[in-house]
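Remarks on the structure that follows.
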Amino acid sequence: MGFEELLDQVGGFGPFQLRNVALLALPRILLPMNFLLPIFLAAVPAHHCVLPGAPANFSQDMWLEAHLPRESDGTLSSCFRFTYSQALPNTTLGGEGQSPGELQGEPSTVPCPQGWEYDHSEFSSTIATEVWAAPPAAGGLCECPGDGPGICSLGQLHHVRHHPHSHWHSPGWLHHHRDATGVGVAGRGTPHRGRCPEQHLLDRGSDAAGTGRVPDTGLAMASAGCHLALCPRHLQPLALSKVAAAERVVRRPSYLDLLRTPRLRHISLCCMMVWFGVNFSYYGLSLDVSGLGLNVYQTQLLFGAVELPAKLLVYLSVRHAGRRLTQAGTLLGTALTLGFRLLVSTEKMYWSAALAVMGKGFSEAAFTTAYLFTSELYPTVLRQTGMGLTALVGRLGGSLAPLAALLDGVWLSLPKLTYGGIALLAACTALLLPETRKAQLPETIQDVEGKSLQEEQMPMKQVHD
């Protein structure tokens, strides 16, 4: 007896399974907070070089103008100061003065020699304000605070190691907390996947409250639920034990089986590319909260709110358009919103914010679809293994997303082009995967490999969503 027949015999998705999925969904509300913690923990407030105290007859703006050069966009530099303070019209600076050699040429600048002063109006303390408040020792990692969580994560480790007893001691605790969270997540796989999107969206919907994405909870509780009801006579525990014993004689599958046969190798490689693109673009959008004309709290509120209609879009789309087109379409929508943001001028911040929220919605929809689509592509004997491999590649994409944000030092638009380009590549790759809507879930490797031959000879067995 196969899993599909067993699932039907015990009543499918019933109250027992609903209760367990709901209980598993509750702790996942906290999980996205760990994923998106760098947005707040590693924020870099507005800053400038430490300057000597301003005289009584100077305003703060005039004092900054006299000591800080301007960037190409007209803003005061965050990383450099004049070697000698510059004289302003109708003012006389005491103490420092211009070097005689600079009177005829461009004034020279130096990196901040005494560290930085930060604006504490929004954040009282972050990794950046604690680690980079003074010049990095032994040359440090850079001469100016990093603009992304990649550098700040390294700074967090530096701070915890060298300042374990400082007043800002939370990162040490957070490391242990996030390690424990990771262990809990790693232990939850997807051995069996239900056929209806409601099960998937019920579990995925819990993470919207935490404003992030989380791994999918599998539904392998059908046979367990049978023990709590008046099981059919032929499905008493003895009969179920015989089914389990028959499955144990089959060779335990390995990760090599995902690449050993042609069709599974094709599915695995395509799914890895899709998951990399989904994670990369999702975290690229989620962590880029600057330049939207909103503070970080307003941005996260909008990013969290848009996930609810995104899940509704997936619920409708996977039923009518299919899994493959939904996956490709949501990734394409992510790529297009990132591209359109490049065309919006910096003055139109609200248009940029609207496009960013739309992009976050598309990327969340792509994430939701990826869990459902991928679990239906792999046979039952390899479903957990396949989901583990693709999720691992996806985590790699999520880890590289913050580092790609540092490409703005090469070209300001390069990070968005990178996120959008990877999302577009993943969308094209999704079109190479087979459609699984209304198709019976494969149970063995032979089911997957033999499908390509059977598709030309007879239609696949159709089942209801």
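So residue 392 ticks every box in (1) more than 18 Å from residue 270 (Cα to Cα); (2) open to solvent by 10 Å² or more (accessible area, probe 1.4 Å) but one. Which box is left unticked?
(1)
Give the residue, chosen from 341, 383, that is open to solvent by 10 Å² or more (accessible area, probe 1.4 Å), farther than 19 Å from residue 429 by Cβ and of a type in the set (Lys, Arg).
None of the others qualify; the one that does is 341.
Quick check, is residue 310 touching a residue at least 12 places away in the same chain (Cβ under 8 Å), over 24 Å from residue 404 (Cα atoms), of a type outside the set (Lys, Arg) and touching a Gly at 6+ places or on another chain (Cβ under 8 Å)?
Yes, satisfied.
Quick one: in the stretch 308-338, which of the residues that are closer than 21 Å to residue 428 by Cβ and in contact with a Pro (Cβ under 9 Å, 6 or more places away or on another chain) is surrounded by the fewest Cβ atoms within 10 Å (Cβ to Cβ)?
That would be 324.
Could you look through the stretch 102-143, keep only residues that are in a helix (DSSP H, G or I) and of a type outside the set (A, V, I, L, M, F, W, C), and pick out the one that is modelled with the lowest pLDDT?
Result: 139.
Read through the list (1) farther than 25 Å from residue 259 by Cβ; (2) open to solvent by less than 10 Å² (accessible area, probe 1.4 Å), then give the number of the only condition that residue 430 fails.
Going through (1) farther than 25 Å from residue 259 by Cβ; (2) open to solvent by less than 10 Å² (accessible area, probe 1.4 Å) one by one, residue 430 breaks only (1).
Read through the list (1) in contact with a helix residue (DSSP H, G or I) (Cβ under 8 Å, 6 or more places away or on another chain); (2) open to solvent by 70 Å² or more (accessible area, probe 1.4 Å), then give the number of the only condition that residue 352 fails.
(2)
Could you please let me know if residue 6 is touching a helix residue (DSSP H, G or I) at 6+ places or on another chain (Cβ under 7 Å) and modelled with pLDDT under 80?
For residue 6, the condition - touching a helix residue (DSSP H, G or I) at 6+ places or on another chain (Cβ under 7 Å) and modelled with pLDDT under 80 - is met.
Filter the stretch 64-76 down to residues that are of a type outside the set (D, E, K, R) and not in a strand (DSSP E or B) and give me whichever is most open to solvent (accessible area, probe 1.4 Å).
Per the stated criteria, the residue is 72.
Of (1) crowded, with 18+ Cβ neighbours inside 10 Å; (2) assigned to a loop (DSSP other than H, G, I, E, B), residue 81 satisfies all except one. Which?
(2)
Of the numbered conditions (1) in contact with a Phe, Trp or Tyr (Cβ under 8 Å, 6 or more places away or on another chain); (2) crowded, with 24+ Cβ neighbours inside 10 Å, residue 369 fails exactly one; give the number of that condition.
(1)
Restricting attention to the stretch 15-63, report how many residues are small (Gly, Ala, Ser) and open to solvent by 20 Å² or more (accessible area, probe 1.4 Å).
6
The values are calculated or read from the model by the stated rules, or taken from the named source; none is laboratory data. A quick note: this is a predicted structure, and the numbers were derived from the prediction, not measured. Backbone-built Cβ (ideal geometry, glycine too); neighbour counts: all protein chains shown. With ligands, DNA and RNA removed, areas are computed over all heavy atoms of the protein, side chains included. Shrake-Rupley method; radii C 1.70, N 1.55, O 1.52, S 1.80 Å.
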